[in-house]
Amino acid sequence: MDGSRVLSSVVHSQVQLHHPYGGVVPELASREHLGKINTVVQQALDTAGITRKDLDGIAVTVGPGLIGSLLVGLYFAKAFSYALRIPYVGINHLEGHILSVFLEERTPSFPFVVLTVSGGHTTLYHVEGIGRYTPLGQTLDDAAGEAFDKVAKVLGLGYPGGVVIENLARSGNKDRIRFPRAHLGADSLDFSFSGLKTAVALYVKKWQENAQKEASTSDIAASFQEAVIRILAEKTIAAAEKTKVSSVVVAGGVACNQALRDRVKDMAARCGMTLYYPRPSYCTDNGAMIALAGYHRISRGERGDLSQDVKSRYPIEDIPIL
Ligand code: KG4
Ligand code: ZN
């Protein structure tokens, strides 16, 4: 990072590795991290046209996430920092997603509402500044991305499911099947996707047993996607209205979904609000967003020390206030 300019962003995807298992296998994930971390860091330096001596700080994710993978990253960062005599700082993964929009040229001004929606999280935050994040609502069970992955699995479409469902949905009728929505109270900004996930799974089971298929696979994908994006978009706008902000942001893997972006954008425009979003490669997990959060924290004097540990659970309320 040079200010907030990205010099390089290298991501080693493990999608192919976990694909046969239909989800992430923790033991395989940490082994792969260990095997690849050196190469990925060297590639990032080479692409940026710099050497490790040009670095003046290191940012590393310390949670929430899988302990084994987090440990590989943290101990690599500690060793790098110690050897180069430069500071490092531990970052909350969610802060990376919340700030990822600032990797773009088009950025919101504070305060704004951000929906972070991925395979592990579905949360709305009110953001008043760097390090000042108030959760407004979150999923009470599954994350939206998890629902995409599960539905893709029951339809036999493989893992991860988001992109496949989105592509299929383009040729389907989103109004063909009305999947139920969870009733969490009129003012609730929380989400629930496990009922929807089960409803789709039951529908698909009956549908597979029935030779006379009225709906196509694309119709099921489109109707499911519609149920998810409707609720995500409605609650994002409701959160913005409640907190009286005029900028909304969508971030995290599911925010790659164009139908979701279009819906939030339309609804926001009708309410006099503007939508901001990171490009897809900054929506899915990436090092650039962690580097950005680290840049702000290190510039403000925050430092990690050798006693720092990883956290499988790391609520946003626990991150140090800047
Ligand atoms: O942020 P991310 O890369 O990793 C987590 O922290 O979870 O998000 C991955 C999730 C997966 O569940 C994947 O199915 C979903 O994001 N996803 C999508 C799309 N692209 C990725 N969901 C819906 N539509 C997409 N286009
Ligand atoms: Zn993520």
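The values are calculated or read from the model by the stated rules, or taken from the named source; none is laboratory data. Source: prediction; values computed, not measured. Because the Cβ atoms are built from the backbone with ideal geometry, glycine has one as well, and the counts that use them run over all protein chains shown. Keep in mind that these areas ignore ligands, DNA and RNA; they rest on the heavy atoms of the full protein, side chains included. Shrake-Rupley method; radii C 1.70, N 1.55, O 1.52, S 1.80 Å.
Key figures
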| read-out | value |
| --- | --- |
| Of Lys197/Lys265; Lys206/Lys242; Lys174/Lys242; Lys78/Lys265, pairs whose Cα-Cα distance is over 32 Å | Lys206/Lys242; Lys78/Lys265 |
| Beta bridges by DSSP in the chain, antiparallel share as percent, to the nearest 5 | 50 percent |
| Qualifying trypsin sites (Lys or Arg not before Pro) for segment 1-83 [loop in DSSP, other Cβ within 10 Å: at most 13] | none |
| Ranking by accessible area, most exposed first, for Arg297, Arg279 with a 1.4 Å probe | Arg279, Arg297 |
| Portion, in percent, of the accessible area of segment 226-315 that falls on carbon or sulfur, probe 1.4 Å | 48 percent |
| Whole-number accessible area per residue in Å² for the chain, which is evaluated in the context of all protein chains at 1.4 Å | 49 Å² |
| Sequence of Lys206, Lys150, Lys197 when ordered by accessible area, the most exposed leading, probe 1.4 angstrom | Lys206, Lys150, Lys197 |
| Degrees, to the nearest 10: 217-243 long Cα axis against longest axis of the chain | 60 degrees |
| Relative contact order [Cα under 8 Å, 6+ residues apart], the chain, whole percent | 26 percent |
| Ala59 long-range amide H proximity, modeled H, under 5 Å | Val89 |
| Asp46 - accessible surface, heavy atoms, 1.4 Å probe, Å² rounded to 10 | 100 Å² |
| Vicinal HN-Hα couplings computed from phi for segment 89-96 (Karplus, 6.51 cos²θ - 1.76 cosθ + 1.60; Hz; Gly/Pro x) | 9, x, 10, 6, 3, 5, 5, x |
| Helix-only [θ]222 nm of the chain, DSSP H runs n ≥ 4, -39500 (n - 2.57) each, per residue, nearest 500 | -14000 deg cm²/dmol |
